[in-house]
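Visitor: Please read through the structure below; I'll follow up with questions.
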Amino acid sequence: MKRRQYVIGAVSFAVAFVIFVIPFIFVVINAMKSAAESARLDFRLPQKWQFWQNLTDVVQARDYMLLLAYFNSTVITVGAVTLLVIFGALVGYVLQRRPSRFSSFVYAFVLTGLMIPPAVVPTIWVLQEINLFKTLHGMILIQVAYGLGFTVLLYRAFIASIPRDLDEAAIVDGARPLQVFFRVILPLLEPVTVTVIVVQSIAIFNDFTHPLYYLPGRENVTVQLTLYNFQSQFVSQMNLLFMNILLVTIPPLIVFIFFNRQIVAGMTSGAVKG
Amino acid sequence: MKRKSHYPYWFMLPAISVFFVLFIVPTLASLYFSLTIWDPFEARFSGFENYVQFFSEPFLVRGVVNTVGFAIVTCVLKTILGLLLAVLLTSGVWGQGLLRSIVFFPVLVSTIGVGLLFQEMMHPTQGAINVALSWIGINGPGWLTNPSLALFSVALVDVWRGVGLATLIYIAGLATISPDYYEAARIDGATRLQQFWRVTVPLVWPATTTVVMLSLISGLRLFDLVWAMTRGGPGFSSDVLASVIYKQYQSGFWGLSTAGNVILFIMIAVIIAPLTYWFNKREVES
């Protein structure tokens, strides 16, 4: 029996390695080759290793566009995630603590965002009317609107596990509603807040579709848009394309190594109700 | 006098106003704009013209049909493979923690990165997949250049990238099944296969509901992977609704693009609502 477990394990490893790991090895190897070698798209090790040269070439391409892209993506991600945490926790708190018809209505309303795809062209029209089209803060607010449903879902479920006695003790001590939330409740939400931060950061950092629509223009590029644009520019320089893919793969890998548990908690929440 | 609540509704005001202005208003506006000939300069009411066009132009019809096909194929594959992988990865095989991480990691990687990577691996003559196939004497197809295969290839990559999430949800679901059930089944003389069909499948049903819903919705809405790998080509053979919406927007047919969006809402509602009902009913019965 024990031996069978080893055999099944070894076979699964072999299959998982071929299907899931080899593509990433392919990226790493080709990111270190010269342009001519990488054009053959094979698995041979580079004859000439040029990791640093490819790295500097990618970073310098189109007047350091990649650095600008990393800057913009970071601003959008940090801004949107910060707002999502505060806004989402406030909504989840009130919805959970104050059950009423109005609350159920708001909850249902916010959850529609999880299912219905955004109407893109009318959104552009709205953004133009309020002068937020093609701006980073407009993009931040868009990501807040689109990420709200999932964030509220997580917070509302977690707040249900915090005893109301805590709020009441603070209220008896004379705390005002905002003080109760910021001094008593918010610190207790730390585990779910870490989950929200990690899961939403990855989603927003990896988002390609919405910046493509709402953030056109060279000065507004994001990391995913740059990767997409480089595809046409690097047709004859596959090594640089692969280096670029490698660069966008490393941030989620680091996050995954450090926050594995929180990611799993976030992705499976709401999955098992019974 | 009514006591003031300690949980004032205005706490929700900032979040709800952003959500209302940037999500609800455009969604409601889309119902009107889909009935207009709309370009960057003006919107002129035109009745159901856009919808008629959507269901009469062959390349637009193709997009609608492809969207449904894509969603069904990826959903079925993710559900079946996800359950089998989850059963394997909870059976105590050697190294199952690392295996779970390997299967799950692609979920977190940039879709555009995955799309471009597989575009190179699926190159008809030089691509790694066809080179590997040629070692065992198989002449690999033009994965992305053959019009009748292109969308299916994109679907396979979508399964590669998304099966980790399905597996993760199933693993969480399997963890809630008490070992007593298997114990009882074993005492009654049930084989491994019978245990799977009679114990695992019914008891993991809530996880199945989640996996099916999530993968159907994301399959119907998918844009980035198609756009990175084929841009709807060759011709219009791998166009889905989301890529049609983008193409019509780029060409300045904003009304037509918005009609595509409304069709996508309706399609999601029509497919998801009865499924939710059916799943919940089965859950109660079992």
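Coordinate-derived values only; no laboratory data. All figures in this text were calculated on a predicted structure; none of them were measured in a lab. Every residue, glycine among them, receives a Cβ derived from its backbone with ideal geometry; neighbour counts consider all protein chains shown.
Visitor: For segment B:1-52, state which trypsin sites (Lys or Arg not before Pro) are in a DSSP loop and have at most 10 other beta carbons lying within 10 Å of their beta carbon.
Guide: Here the sparse-neighbourhood loop sites are B:Lys2, B:Arg3, B:Lys4.
Visitor: A further question follows. Helix check for chain B. Which DSSP H runs span at least 20 Å along their own axis by Cα, with a mean Kyte-Doolittle hydropathy no less than -1.0?
Guide: Helix filter hits for chain B: B:58-89, B:150-174, B:205-221, B:254-285.
Visitor: With a cap of 15 neighbouring Cβ atoms within 10 Å, and only residues DSSP puts in a loop, list the chymotrypsin sites (Phe, Trp or Tyr not before Pro) found in segment B:1-108.
Guide: B:Phe41, B:Phe48, B:Phe55, B:Trp94
Visitor: Kindly give the semi-axes, whole Å and largest first, of the ellipsoid equivalent to segment B:1-67, taking each as the square root of 5 times a Cα gyration tensor eigenvalue.
Guide: Taking √(5λ) for each Cα gyration eigenvalue gives 41, 16, 10 Å.
Visitor: While we're on this one: Between A:Ala119 and residues 5 or more places away or on another chain, which pairs have amide H atoms under 5 Å apart, with H built 1.01 Å from N, and which residues are they?
Guide: Amide H to amide H, under 5 Å and 5 or more residues apart or across chains, A:Ala119 pairs with B:Thr27.
Visitor: Work out the charge dipole of the protein assembly as shown with +1 on the Cβ of Lys and Arg and -1 on the Cβ of Asp and Glu about the Cα centre, then indicate which of B:Trp38, B:Val204, A:Thr77 is farthest towards its positive end.
Guide: After comparing all options, I get B:Val204.
Visitor: Only helical DSSP H runs with n ≥ 4 go in: add -39500 (n - 2.57) per run for chain A, normalise by residue count and round the 222 nm mean residue ellipticity to 500 deg cm²/dmol.
Guide: Rounded to the nearest 500, it is -24000 deg cm²/dmol.
Visitor: Same structure again: What does the charge dipole of the protein assembly as shown about its Cα centre add up to, to the nearest 20 debye, if the Cβ of each Lys and Arg holds +1 and the Cβ of each Asp and Glu holds -1?
Guide: Charge dipole of the protein assembly as shown: 1000 debye, to the nearest 20.
Visitor: While we're on this one: Can you compute the helix-only [θ] at 222 nm over chain B? Use -39500 (n - 2.57) per DSSP H run of at least 4 residues, normalise by all residues, nearest 500 deg cm²/dmol.
Guide: The per-residue figure over chain B is -20500 deg cm²/dmol.
Visitor: Please give every one of the aspartates and glutamates within straight-line cross-link reach of B:Lys247, meaning a C-alpha to C-alpha distance under 12 Å, and leave out same-chain neighbours fewer than 8 residues apart.
Guide: Excluding near neighbours in sequence, the set is B:Asp239.
Visitor: Towards the positive end of the charge dipole of segment A:62-268, with charges on Cβ (+1 Lys, Arg; -1 Asp, Glu), say which of A:Pro191, A:Leu67, A:Phe109 has the farthest Cα.
Guide: Of the options given, the answer is A:Phe109.
Visitor: If you don't mind, there's one more thing I want to ask. Peptide B:132-144: average number of partner chain Cβ atoms within 10 Å per residue?
Guide: 0
Visitor: May I pose another question? Enter the angle in degrees (range 0 to 90, nearest 10) between the Cα long axis of helix A:22-31 and the first principal axis of the Cα atoms of chain A, meaning the one along which they spread out most.
Guide: 60 degrees
Visitor: Now, a different point. Is the protein assembly as shown best put as rounded, prolate or oblate by its Cα gyration tensor, with a ≥ b ≥ c the root eigenvalues, rounded for a/c under 1.5, and otherwise prolate when a/b is larger than b/c, oblate when not?
Guide: rounded
Visitor: Send over the per residue convex hull volume for chain A, Cα only, as a whole number of Å³. Could the numbers behind the result be given before it?
Guide: On the way: hull volume 53.4 nm³, N = 274.
Measuring per residue, one finds 195 Å³ for the Cα hull of chain A.
Visitor: Does anyone have the angle between helix A:136-159 and the longest principal axis of chain A? Alpha-carbon axes, 0 to 90°, nearest 10?
Guide: 60 degrees
Visitor: Suppose we flag trypsin sites (Lys or Arg not before Pro) only when DSSP calls them loop and at most 16 other Cβ atoms lie within 10 Å. Which is the longest uninterrupted stretch of chain A? Before the final figure, lay out each step's value.
Guide: Values: sites that count: A:Arg40, A:Arg44, A:Lys48, A:Lys134, A:Lys273.
Within chain A, the longest run free of exposed trypsin sites (Lys or Arg not before Pro) spans A:135-272.
Visitor: Counting other C-beta atoms within 10 Å, and keeping those with at most 13, which DSSP coil trypsin sites (Lys or Arg not before Pro) do you find in segment B:142-250? Intermediate results must be reported in sequence, preceding the final value.
Guide: Working: sites: B:Arg161, B:Arg186, B:Arg192, B:Arg198, B:Arg221, B:Arg231, B:Lys247; in loops: B:Arg231.
In loop regions of segment B:142-250 (DSSP not H, G, I, E or B), the sparsely surrounded trypsin sites (Lys or Arg not before Pro) are B:Arg231.
Visitor: Calculate the dipole size of segment A:62-268 relative to its Cα centre from +1 charges on Lys and Arg beta carbons and -1 charges on Asp and Glu beta carbons; express the result in debye to the nearest 20.
Guide: Numbers: 11 positive and 9 negative charges, 44 e Å.
So the magnitude is around 220 debye.
Visitor: Once the Cα atoms of helix A:101-115 and of chain A are each reduced to a long axis, what angle between those two axes, in degrees from 0 to 90 to the nearest 10, is obtained?
Guide: 10 degrees
Visitor: How do A:Glu190, A:Glu168 line up, fewest other C-beta atoms within 10 Å first?
Guide: Ordered from fewest to most neighbouring Cβ atoms within 10 Å, A:Glu190, A:Glu168 come out as A:Glu190, A:Glu168.
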